[in-house]
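Below is one structure; the comments refer to it alone.
Just so you know, all these numbers are worked out from the coordinates, no wet-lab data involved. Predicted, not measured: the structure shown is a model, and the values here were computed from it. Methodologically, a virtual Cβ is constructed for each residue, glycine included, from the backbone with ideal geometry; neighbour enumeration extends over all protein chains shown.
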Amino acid sequence: MTPNSAFSLGVASALPGLRFPALPAAHVLPRLAMFQQLEASQWLAPEALRDWQFAQLDALLRHVRATVPAYRPRLAQAGLDGERRCTPADWARLPLLTRRDLQSDGRRFASNSVPVEHGAVAALSTSGSTGEPVEVLRSGLDRLMWEAIQLRDHAWHGRDLAGTLCVIRAGVPAMPDDAAQPNWGAATADLFATGPSHALPIDTDVSRQAAWLRHHDPHYLLSYPSNLSALLDRLEPGALPRLREVRSIGEMLPQELRDAVRQRWGVPLVDHYSCNEVGSIALQCPVSGLYHVQSESLLVEVLDVQGAPCAPGTTGSVVLTTLHGFAQPLLRYELRDHAEVGPPCPCGRGLPTLRRIVGRTRNMLTLPGGEKRWPLVGFAEYRAIAPIRQYQMVQTAVDALELRLVVERPLSAAEEAALTAVVQRALGHPFALRFDYRERLLPAASGKFEEFLSLVAD
């Protein structure tokens with residue numbers, strides 16, 4: 001029996017007295033069905049996967065032409081009139097969708113008639129790695145696909161769902177140290193019996209994070225690479241005796257950190273490439289360590305500066321299309337991440353690969369007392385205060401920050417004061433804040449943009 005089949009047999013039965021074979025509750029059956037299809041589709045040949053992608057793309061484009069007027073001129077320009085099936089050559093003619101497009105006209109790219117069967121629609125706000133906040137609508141179908149891919153990730157890496165999971169990330173509320181959730185989250189809830197999970201906000205002081213982890217002694221730990229790097233200095237070998245795996249999200253993962261986690265804590269570090277706009281993009285292969293693109297959910301292109309597809313071994317700009325994004329379709333969305341295209345994977349899966357992800361890293365904020373924290377800078381409130389197109393926060397000293405802004409018009413003194421209050425509240429310290437207005441904020445030579453940059457020496 002393969003590890004994946006053993007994982008599938010671990011589903012929770014909702015029928016009293018029935019343990020094997022299990023019969024799950026009705027409301028989780030769509031999630032299980034999606035996961036089981038992913039178990040089969042991963043082994044399709046690349047050509048077959050591409051055929052399925054373009055069949056789904058045609059279905060999406062019919063919906064787009066009917067319900068998203070803002071896309072019609074773009075589709076017409078590319079010759080995508082619906083008279084015949086879209087081909088890769090046709091698709092390459094479609095203009096890229098940028099973050100600026102979503103900032104200025106985001107709701108125009110949303111559907112005016114989302115199929116009711118796709119579930120509730122919710123708005124997600126994100127700054128991404130560019131410092132340009134955008135809002136994207138996602139439906140219940142998008143969430144279902146995300147949950148199925150999380151199950152795929154668990155299955156690929158043979159995780160023991162009965163273990164304890166600790167998560168340190170943004171977007172979780174502050175809770176008492178002993179507070180726990182009864183499961184690992186939405187992907188496993190009511191479908192698999194899991195151990196408890198505990199969550200801690202990422203802006204918690206690293207020393208307290210370390211003490212919290214010692215207290216819970218998790219089997220699995222999930223956080224951002226920069227935060228994991230800081231934790232390595234505070235948790236000696238053997239400090240977490242039950243630890244089996246570390247999982248990273250949200251930033252470029254240096255090979256040096258993988259090596260350090262293995263050497264110091266004695267466990268593997270497994271990465272997950274994702275973004276708020278679309279969810280999961282690529283999962284780390286359990287065999288090769290390459291990143292497998294989640295082709296059932298996304299059409300992913302990696303393009304050179306001329307807009308041509310990159311060959312294996314070369315690096316280019318990541319462009320995404322959400323194949324199930326019926327609430328707000330993102331067609332050839334320029335993520336502004338950079339990635340290196342990988343070779344066919346020796347594991348036998350037909351899913352395309354990326355060798356490495358370049359971009360999306362943030363430095364740690366240093367407080368005057370020497371404590372280091374993840375810099376949550378309150379970006380979600382910026383646009384409500386002033387017409388800000390792009391921002392970058394730079395820590396110039398332990399008690400001083402510089403806020404670099406690209407704005408639609410000059411800001412008033414009252415707006416600057418309101419932004420200062422938001423930043424100071426978000427960071428938990430009355431930093432001196434200097435405003436620096438610019439025409440444009442450029443990425444670094446590597447192609448990545450850091451929305452927070454620290455110039456404070458360690």
Report, in cubic angstrom per residue, the convex hull volume of the C-alpha atoms of the range 365-454. 96 Å³
Pairs of Cα atoms under 8 Å, at least six residues apart: use those to get the relative contact order of the chain, whole percent. 15 percent
Given labels modelled 7 Å from the Cα in the Cβ direction, how far is it in nm from residue 81 to residue 52? 3.3 nm
Fraction in percent of alpha-carbon pairs per bin - 5 Å, the range 250-321: 3, 14, 19, 23, 19, 11, 7, 3, 1
Furthest towards positive pole of dipole, 393, 341, 365, structure part the range 312-399, Cβ charges: 341
Along the Cα→Cβ direction, 7 angstrom out, place labels at residue 263 and residue 96. What is the inter-label distance in nm? 3.7 nm
